[in-house]
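In what follows, a structure is listed as C-alpha cells, so that the remarks can point back to it.
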Amino acid sequence: MGKPPPAPHRGRFIPPFDIPSRFSVREGPGASWPQSRPRHNKVGGTPRRSIEMGFSRILLSTDFSECSREAAKFAGIIAKNFDSEIYLVHVLSDFRSEYASFLEETLPLPEPLEEEERRAVANLRAEAERLREEDLNVEEIMVFGTPYIEILKFAEKREVDLIIMGTRGLSGLKELLLGSTALKVVRNSHIPVITVRKCTVTGGIKKVLFPTDLSDYSLEALPLALEFCRTMGAKITLFHVIEIRTYDPEKVGYFLSDKFFDEIKPFIEKRMGTCPEDVHHEKKVVRAMDTTAAIIDEIRDDRYDLVVMATHGRTGFKRALLGSVAEKVIRYSPAPVMTVKPSDFAKKED
C-alpha cells in the first residue's frame, strides 16, 4: 500500500486527513492547540460559578410526563450526593399574555384553561411531595410563559448551578424542525444542563463518559466532569473518536492500520490531559466513520450512567447553530447527558 500524501497543515491535528508524519502536541486540558483562546470569568455580566462550589441549587423542570419523572429520579441521586436544594419548576402557558394585544384584562379564563391550571397545581404539589419523601429539600414553583424562556430566566434569577430536565429524544418531524424545549435550554443555558430520557441508575452514578474532540472548547468541560466524579465516587472514561472522513480505499486502509493507530494514540492520550490520582479514570481512542454513532455505541455497550460533554467543539460557533455532535448525542443517548457551554461561546451569545 502506497504512502499517504503529506498533510498540508504541519503541527495541526484535524483527523483524519491532516495528520503530520511527526506530531506536535501540548498537554491539556486547556492547553493551546494550535493556539490558546482567551478565558472569561464572566458570562453576560453574571459571574461564572466554579464547579468546586458544588451543585447547591438544582432546577428540576417538569411537565408531569414519564420523561420528567425519570429526570426527577436522577435529580434525587445528584441532590443527595451534593446536599442540593431542588427547585421543582413547571411552566404553564400564559393565555392572557399571548392574546393581550386584543383581549381585555378582565376577561376570565375559559373553564378548560382554569381546570388545566388547577390540575397543574395539584400535580406539582404531588410531585414535590414524592421528592420530599426521599428526604430531599424541595421548593415547588409554577410560572407562566414560554417554557424554555421561563426556565432560563428562573435559573438566572435564583443563581441555579444545574438544570435537569426530561427529553423524549428524537420524536419526529416536529421536533426536527422546531427543536424541543430541552434542546432550546441546552443551546441557550450558560450553566450545565442534564437531559434525561431514562434513569437506569439505582445505587448511584458509577460510570461517566467524557467524549472530546481534543479542542480547547471540549476540554474546558473536563475539570467539571472530574470534580463531579470525585464527589460521586465515579469512574470517568475520556473518549475520542478518530473520524475517518474518506471512502478512498487506500486512505481508509491507512487510517485503519495498526501502524497509524499505534503512532497517533499516545499523542491523543497526552492531549486529553492528566487526571488526578483520586479519580478513577481511563482513556479510550477508537476509529469510526461517524463520531456520534461511535459515542452512542460506546454508551450502550459499556452502560454508562452519565455522559458529560461540551456543547461546542473544534467546529466552533457556526456548527453549533446548525446542529452539533452534542445535540445528536442528546437525541439518541440512552444515558443522561450533561452539557457544558464553554465560556468563550457563552460570552459571544450575550
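Every number in this text was worked out from the coordinates using simple rules, so none of it is lab data. Because the structure is predicted, anything quoted here is derived from the model rather than measured. Glycine also receives a Cβ, built like all others from the backbone with ideal geometry; neighbour counts cover every protein chain displayed.
Phi angles across the stretch 235-244 convert, under the Karplus curve 6.51 cos²θ - 1.76 cosθ + 1.60 with θ = phi - 60°, into 3J(HN,Hα) values of 8, 10, 10, 7, 10, 10, 10, 7, 7, 8 Hz, Gly and Pro given as x.
For the set LYS80/LYS184; LYS80/LYS153; LYS235/LYS284; LYS198/LYS270, the pairs lying more than 22 angstrom apart at their alpha carbons are LYS80/LYS184; LYS80/LYS153; LYS198/LYS270. Restricting the chymotrypsin sites (Phe, Trp or Tyr not before Pro) of the stretch 222-295 to loop positions (DSSP other than H, G, I, E, B) with no more than 13 neighbouring Cβ atoms within 10 Å leaves TYR247. Treating each Cα of the stretch 202-350 as an identical point scatterer and summing with the Debye formula, the log10 of I(q)/I(0) at q = 0.13, 0.19, 0.21 Å⁻¹ comes to -0.60, -1.22, -1.41. Ranked by the mean number of other Cβ atoms within 10 Å of their residues, highest first, the peptides 131-137, 76-82 come out as 76-82, 131-137. Three semi-axes describe the equivalent ellipsoid of the stretch 185-254; taken as square roots of 5 times the Cα gyration tensor eigenvalues and ordered largest first, they are 30, 16, 14 Å.
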